[in-house]
1. Report, by residue number, each residue of region 36-63 that is assigned to a loop (DSSP other than H, G, I, E, B) and of a type outside the set (Val, Ile, Thr).
2. Which condition number in (1) part of a loop (DSSP other than H, G, I, E, B); (2) away from the ligand (no atom under 16 Å from the Cβ); (3) modelled with pLDDT of 95 or more is the one that VAL33 fails?
3. Go through ALA285, ALA304 for me and flag whichever is more than 21 Å from the chain's Cα centre (by Cα) and touching a residue at least 12 places away in the same chain (Cβ under 8 Å).
4. Which condition number in (1) under 24 Å from the mean Cα position of the chain (by Cα); (2) open to solvent by less than 10 Å² (accessible area, probe 1.4 Å); (3) not charged (D, E, K, R) is the one that TYR91 fails?
5. It is to be established whether one or more residues within region 372-390 are assigned to a strand (DSSP E or B), more than 22 Å from the chain's Cα centre (by Cα) and more than 16 Å from the ligand (Cβ to nearest atom).
6. Return yes or no: is GLY200 open to solvent by 10 Å² or more (accessible area, probe 1.4 Å), in contact (Cβ under 8 Å) with a residue 12 or more places away in the chain and either within 12 Å of the ligand (Cβ to nearest atom) or among the small types (Gly, Ala, Ser) (or both)?
7. If I ask for residues that are at pLDDT 95 or above and away from the ligand (no atom under 16 Å from the Cβ), which ones from region 426-452 would you list?
8. Looking only at residues in region 180-197 that are more than 16 Å from the ligand (Cβ to nearest atom), closer than 12 Å to PRO427 by Cβ and not in a helix (DSSP H, G or I), which one is most open to solvent (accessible area, probe 1.4 Å)?
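The values are calculated or read from the model by the stated rules, or taken from the named source; none is laboratory data. All values derive from a computational prediction rather than experimental measurement. All Cβ positions, glycine included, derive from the backbone under ideal geometry; neighbour counts span all protein chains shown. To get the accessible areas, we keep the full protein, side chains included, count just its heavy atoms, and leave off ligands, DNA and RNA. Shrake-Rupley method; radii C 1.70, N 1.55, O 1.52, S 1.80 Å.
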Amino acid sequence: MRAHTQMLLTAAAMMLALPAVAANPNAPSPAQVAEAKALLGKGVGFNTAQGQRNTVAYANFLAEQFKAAGFAAEDITITPVDDTAIMTVRYRGKGGKRPMVVTGHMDVVAANPKDWTRDPFTMVEENGYLFGRGVEDNKFDVSMVAATLMRLKREGFKPDRDIYLMLSGDEENAGNTAPLQAKIAKAANAEFMLNSDGGGGELGEDGKPIGYGVQGAEKAYADFEVTFTNPGGHSSAPRPDNAINNVARGALAVAGYQFPVMSNEWTLGSFAAAGKTTPAPMGPAMLAFAANPNDAAAAAIIGADPMTVGQLRTTCVSTMVSGGHAPNALPQRAALNINCRIFPGTPVEEVRKKIADLVNSNRAPGAPEATVKAVGGWVAGDASPLRPDIMKAVTTAVQARYPGIAVVPSMSSGATDSVFYRALGIPSYGTAALFMKASDSFAHGLNERVPVDAIPGALQQWHEVITTLAK
Ligand SMILES: [Zn+2]
């Protein structure tokens, strides 16, 4: 995913000024812009969707570019994992500080050429846009970071610390590769991680910048399967402990329960920024909650809106149901999938126990207890600390592009690779350099696109952020 999940940001427009002034030392040359665009175009040409077995080829292509820019072969590692791969590129520093890591993912969501207006695996430039699967998510920022590291190598930049680029290969599906890379980052003693697939900037429909979010926390994802079993029998002889009825009672019990209100410095910072420009009653409630997270009246207003409730608490919702085996038989089994988005700091097991308690205490008298199990090995991580050095580096770089723009903390409701790094205690920050309009974002959908003029500013931003934080 790419986090255009910053719905709070859309309201965070602040005093916006003129386009960035020229002569910024981080600004790319026309040749560097052309190189980055070509990297992106070649990257889109590799169909790295699940099962296509093209990720190693894409990684090999990137490796050749890194070698041509002066990286030693021994500092580039491509490790096949199942039918995909991970790639690690090490930019050696002087070793004065612990390493930093920049991450992204090489894989894309599947795209069927029959459904697309243009071939999804040929980057096409049209009307100021670049079209193609992955051109936004996440090959844009992956290409911008890769081009920046190559440029820095050619410029002779010597960082104080090692910089690792770590690209995962199945972020959009199984998510098996990022945990491996997080372990590699941990073994390398990484101090922090910047995720090119999180955070980012938003343009208004008029093309003017609205705001930029640094993602420092995310909800953890978990599915729980609730299963009621029953001896069943003939449908002409109904019994009170009917398994389907119990699933229905369980679904309603979960729907009626509110997890406790929670907050962290990312959500409070986000509410404080969005509250300034959001109409009443939501805006004042956001400001009141940011000032006092124990304000129950403010929390009630925020929690009543589906667009903001996820920033307030763990949420669980019934998403799938199955059960029964014949129209004229009592069900012997009925099951419910409950999908939860867990607030940082809450263990997955604590949520599972709560669901088990809710469905079992609301089951019909005499019915056997439901089994409630987590489906898949989901991990949860704490929010990362809001580090002033990182916020300052990103804010300065973003405001060099768009003077006066608000750079605000954010917590995403969706999951990114960062969760695996945070789970190992590596503070992680979503700092994508892509700015676009919400109405232009078709990530995961048809005719995915990015504005072609997003490239120079993104290159400038990564150059500034990486040189500032690696120095
Ligand atoms: Zn993504």
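1. GLY45, PHE46, ASN47, GLN50, GLY51, GLN52, ARG53, ASN54 - these are the residues of region 36-63 that are assigned to a loop (DSSP other than H, G, I, E, B) and of a type outside the set (Val, Ile, Thr).
2. Of everything listed in (1) part of a loop (DSSP other than H, G, I, E, B); (2) away from the ligand (no atom under 16 Å from the Cβ); (3) modelled with pLDDT of 95 or more, VAL33 misses just condition (1).
3. ALA285
4. Looking at each condition in turn, TYR91 falls short on (1).
5. yes
6. In short, no.
7. Matches in region 426-452: ILE426, PRO427, PHE435, PRO451, VAL452.
8. Across region 180-197, the extreme among qualifying residues is GLU191.
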